[in-house]
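Student: Right, I'll just put the structure down here and ask away after.
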């Protein structure tokens, strides 16, 4: 858990991903479409990726990746991020975390 906290500290948006995961790619694209520049950790390219994935599962991320942190808080996986987007609640989270300043998406 401390390892994850250290990786997300002082970063507005962090996405734990795998290069082969299509949902991870979609979530990264969605968040970038708002103008955010997330820090992305590709677990399949990190030597300790399996350890990080186990820690994410302990935090409550049901599938491991994608796992999204906004404002140092664990928000959830793809389903949660897409739900927030549909409910127009993703942009305010990104603004509050200072990942973006304004949102022109409608």
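Student: Cut-off is 10 Å between beta-carbons; in what order do 69, 34, 16 appear when sorted fewest neighbours first?
Tutor: By the 10 Å Cβ count, ascending, the order reads 34, 69, 16.
Student: Right, here's the next one. How do 2, 44, 79 line up, fewest other C-beta atoms within 10 Å first?
Tutor: 2, 79, 44
Student: Still on this structure: Just the projected area, averaged over all directions, of the convex hull on the alpha carbon atoms of the range 2-48: how many nm²?
Tutor: 3.5
Student: If you rank 68, 86 by fewest surrounding Cβ atoms within 10 Å, what's the result?
Tutor: Ascending Cβ contact count within 10 Å gives the list 86, 68.
Student: Moving to a separate point now. Want the number for residue 22 to residue 101: 0.36 nm per residue separation, take away the alpha-carbon distance, what's left?
Tutor: 25.7 nm
Student: Same structure, new question: Return the calculated 222 nm mean residue ellipticity for the chain, to the nearest 500 deg cm²/dmol, obtained by summing -39500 (n - 2.57) across DSSP H runs with n ≥ 4 and dividing by the residue count. Working shown, then result.
Tutor: Values: 5 runs with 46 residues, N = 106.
For the chain, the value works out to -12500 deg cm²/dmol.
Student: Turning to a different aspect of this structure: Quick one: P(r) of the chain from all Cα-Cα pairs, 10 Å bins, percents rounded to integers, in order of increasing distance.
Tutor: Histogramming the chain at 10 Å steps yields 16, 52, 28, 4, 0 percent.
Student: Taking 7 Å along the Cα-to-C-beta vector as the label spot, tell me the residue 87-residue 29 distance in nanometres, rounded to one decimal.
Tutor: 2.5
No lab work stands behind these numbers, since they all come straight from the coordinates. Values in this document were obtained by computation on a predicted structure and should not be read as measured data. Cβ atoms come from the backbone with ideal geometry, glycine included; neighbour counts cover every protein chain shown.
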